[in-house]
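Beneath this line is the structure, given in structure tokens, with notes to follow.
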Amino acid sequence: MNLNLSSEIVLNKVSADFYAPKTEVERSQITRCEKIPTDIYPSIDEAARNIADTVEHEIKRKDANNQMCVLGLGTGTSLTPVYHELARRHREEGLSFRNVIVFNVYEYYPLKANAVNCCIEQLRQRFLNHVDIKESNIHTFDFSISQEHVNEHCRQYERLIAEAGGIDVMMLGLGRLGNIGTNVPGSSMNSGPRLILLDPVIREELSMSFGNNEQIPATAVTMGIGTILSARKIFLTAWGDEKASIIQKTVEGRVTDTLPASFLQTHKDTRVVIDLSAASRLTRIVHPWLVASCEWTDKLVRSALVWLCQETGKPILKLTNKDYNEHGLSELLALYGSAYNANIKIFNDLQHTITGWPGGKPNADDTYRPERAKPYPKRVIIFSPHPDDDVISMGGTLRRLVEQHHDVHVAYETSGNIAVGDEEVTRFMHFINGFNQLFAEEKDTVIKEKYKQIKTFLAQKHDGDIDTPDVRTIKGLIRRGEARTASTFNNIPLDHVHFLDLPFYESGKIEKLPMGERDVMIVKQLLEEVKPHQIYVAGDLADPHGTHKKCTDAVLAALDLIKQEKPKGWIADCRVWMYRGAWAEWEIENIEMCVPMSPEELRAKRNAILKHQSQMESAPFLGNDERLFWQRAEDRNRATAKLYDDLGLACYEAMEAFVEYKLNG
């Protein structure tokens, strides 16, 4: 069972020559814009193995010379695949860590002496507890030390690193602000270990290991930039679309203290290791024509012309031969014969992505339409990772499918209970208790007892406490009620609304359990019951908390199993469309179906989102973006429509975009 099929989704299908050059001469040509050596891999697993190879070689080299190997280790989630690979090599191949000394890169501060949400505990769970490293060789910052002693403690930490011989290999993740460790923008290049005030964005990232943002300490102790740069070798990792922009700035931008990771450009042996998604903004991937001759696919030509329109401020059909020549696209003139021929080709390609019939238009020529006309009506399943992603991400398209008489099912994959605030539970418990008093004369003893238990728990709840099963159940019921209300508003029958409650989500914490076979089989059962002609799944695989990726992987794994078991069944006539949510939109060169919305339809989408009242201003995980989800969705949909308009295509109020996942090849 393949549980990581989403990692194989590559939208920018550039030639391997641009991410895996065969010679150093080719590498020097395509990386001319990059100021840090950068290795790009098709998958995270392959990238993790590459880093592990170097670490293993260094450990064994040191051991052969009777020396200790000193590692500096961050605790960002991007390093987890590397730690898992190293632990696997210890378990299955006998790689020993007896000659390894570890220094933790940063730690939250202050925490109680017995805190479990500390960085070193994360590092133990993901790596150190699974290898044979000596406890005396594990060093970390003391997160419970008194504030007056913090500075001296940091100086002592620096001395310990020096006494160990300095760090041989430093492994770091890249934060969304370009932070390494918790060195926030403004950190000095020569800074040493110190206490530092955390930026709100960094605190949001760190929330992966805490119950909510309020529990994250306002400060941390961290190795400084100078400490990091003193390491003999440094690996910087990042995965997914979410990190693509900051990777581009780190690797290709200028050195500046507003982007701490850019200081790595000054280090003599730093390697950036990323997957294709994280590399998607690097010049050699997104604009390969600027560094070398290209093999011009239709998608690459579309990408080049959209870029040229943005560079010149012109719509597609006004681009001239001169525009092509002045911007390094003369190859396209040779390929198409003239700017006009290229312009009209891409204009038509983009025009054909626009459809008001997302389920296919019956009794119509579907040659140039994104979706086939038959069968009609179609059975459709919309998979929604959380109980509101359906309306946030594709509320207009969902409503259009229903209005066009398709048989629409919505499958809410997780309970979403962790994203409900305690005050919502209190409000609903007051209602239930009041209802019992007014209409049942307090005869329902279950309500009375649960009301007391939950009221007591919430009153005594401390930061970091995991909700009881009863509280999580109530939070899940709140989200179920909102999802049902939104579905009814969109005229979806309640017997077509499915709550899958995938087990991986039910950790009670932000960081979820691994997605596994149980999750896949739940999805598979629904698919085999409905036998859909069309499926919609979340394609924003870099969502901040990772739930979307796991949910999509569960769907893709289930489809893969069905395809193996019954390749000529209903699955042979099924299409899968990927949407994106509140965080980002598909790049226009990748869009294969774009569904327009009128002002009235956009308003209806907003009203459906507003049915999810627990996710309004008081929702725990709105992030650093001050806009509410309906505002983010509208801004994104309007921006997509404006982009089409700027290119000289039809002008709509808003548009929702989709990319097809090629299920059958």
Checklist entry - Which of the lysines could a cross-linker span from residue 642 if the Cα-Cα distance has to be under 22 Å and same-chain partners fewer than 8 positions apart are dropped? => result 299, 314, 318, 345, 605
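Provide the net charge surrounding residue 436, with neighbours chosen by a C-beta distance below 14 Å and charges set as Lys +1, Arg +1, Asp -1, Glu -1. The partial results should precede the final answer.
Details: positive: 443, 448, 450, 452, 455; negative: 441, 442, 444, 449.
Net local charge, residue 436 excluded: +1.
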Next on the checklist: Can you compute the charge dipole magnitude of the range 362-447 about its Cα centre, using +1 on each Lys and Arg Cβ and -1 on each Asp and Glu Cβ, nothing else charged? Give it in debye, rounded to the nearest 20.
Outcome noted: 580
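Considering the convex hull of the alpha carbon atoms of the chain, report its projected area averaged over all viewing directions, in nm², one decimal. Before the final figure, lay out each step's value.
Details: hull surface 129.8 nm².
Approximately 32.4 nm², given one-decimal rounding.
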Item to check | Surface share of carbon and sulfur [accessible, 1.4 angstrom probe, percent] for the range 570-665 | outcome: 47
Next on the checklist: Beyond a 18 Å Cα-Cα separation, which of these cross-linked pairs lie in this structure: 455/509; 450/509; 378/531?
Outcome noted: 455/509; 450/509
Checklist entry - If you take the square roots of the eigenvalues of the alpha-carbon gyration tensor of the range 512-584 and sort them as a ≥ b ≥ c, do you get rounded (a/c under 1.5), prolate (a/b over b/c) or oblate? => result oblate
Item to check | ³J(HN,Hα), Karplus 6.51/-1.76/1.60, whole Hz, each residue of the range 589-604, x for Gly, Pro | outcome: 5, 9, 5, 10, 9, 10, 9, x, 10, 7, x, 5, 5, 5, 5, 5
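Sort largest first and round to whole Å: the equivalent ellipsoid semi-axes of the range 1-144, each the square root of five times a Cα gyration tensor eigenvalue. If you can, show how the numbers build up before the last one.
Numbers: eigenvalues 202, 78, 55 Å².
Values for the range 1-144, descending: 32, 20, 17 Å.
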Checklist entry - If we sort 563-572, 242-251, 338-347 on the protection proxy, mean other Cβ atoms within 10 Å, highest first, what's the order? => result 242-251, 338-347, 563-572
Item to check | Gap separating the Cα centres of the range 536-611 and the range 185-205, nearest whole Å | outcome: 36
Checklist outcome for this item: For the chain, the dipole about the Cα centre with charges only on Cβ (Lys and Arg +1, Asp and Glu -1), to the nearest 20 debye, works out at 420
Checklist entry - Within the chain, what percent of beta bridges assigned by DSSP are antiparallel, to the nearest 5? => result 30
Next on the checklist: Over all directions, how big on average is the projection of the convex hull of the alpha-carbon atoms in the range 212-291, in square nanometres?
Outcome noted: 6.9
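How big, in percent, is the set of alpha carbon pairs in the range 141-277 lying more than 21 Å apart?
Details: 4081 of 9316 pairs.
When every Cα pair of the range 141-277 is considered, 44 percent fall beyond 21 Å.
Would you mind working out the magnitude of the charge dipole of the range 82-234 relative to its Cα centre, with +1 at each Lys and Arg C-beta and -1 at each Asp and Glu C-beta, to the nearest 20 Debye?
Values: 15 positive and 17 negative charges, 63 e Å.
Charge dipole, the range 82-234, about its Cα centre: 300 debye, nearest 20.
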Checklist entry - What accessible area per residue, rounded to a whole number of Å², is obtained for the chain using a probe radius of 1.4 Å? => result 42
Next on the checklist: Name the residue from 258, 23, 283 whose Cα lies farthest towards the positive end of the charge dipole of the chain, charges +1 on Cβ of Lys and Arg and -1 on Cβ of Asp and Glu.
Outcome noted: 23
Checklist outcome for this item: Projected onto the charge dipole of the chain (unit charges on the beta-carbon of Lys, Arg, Asp and Glu, signs +1, +1, -1, -1), the Cα from 48, 186, 336 with the largest positive-side position is that of 336
Item to check | From phi via Karplus (6.51, -1.76, 1.60), per-residue ³J(HN,Hα) for the range 219-228 in Hz, x at Gly/Pro | outcome: 9, 8, 9, 9, 4, x, 4, x, 4, 5
Item to check | Spatially proximal aspartates and glutamates relative to residue 361 (Cα-Cα < 13 Å; intrachain offsets below 8 disregarded) | outcome: 371, 403
Item to check | Reachable lysines from residue 35, criterion Cα separation under 17 angstrom, eight or more residues apart if same chain | outcome: 233, 249, 268
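In the range 165-303, what percent of the accessible surface is made up of carbon and sulfur (1.4 Å probe, ligands and nucleic acids excluded)?
Values: 2150 of 4410 Å².
Using a 1.4 Å probe with all protein chains present, the range 165-303 comes out at 49 percent carbon and sulfur.
In this model, which of 475/662; 550/662; 22/568 are farther than 29 Å apart at the alpha-carbon? All intermediate terms of the calculation are to be shown ahead of the outcome.
Values: 475/662 36 Å; 550/662 19 Å; 22/568 40 Å.
Beyond 29 Å between Cα atoms: 475/662; 22/568.
Calculate, for residue 517 and residue 453, the FRET efficiency according to 1/(1 + (r/R0)^6) with r their C-beta to C-beta distance and R0 30 Å; round to the nearest 0.05. Don't skip to the end; give the middle numbers.
Values: r = 34 Å, r/R0 = 1.14.
It comes to 0.30.
The values are calculated or read from the model by the stated rules, or taken from the named source; none is laboratory data. Since the structure is predicted, the reported quantities are computational estimates derived from the model, not experimental observations. Counting neighbours? That spans all protein chains shown, and the Cβs are built from the backbone with ideal geometry, glycine included. Please note that ligands, DNA and RNA were not included when accessible areas were found on the heavy atoms of the full protein model with its side chains. Shrake-Rupley method; radii C 1.70, N 1.55, O 1.52, S 1.80 Å.
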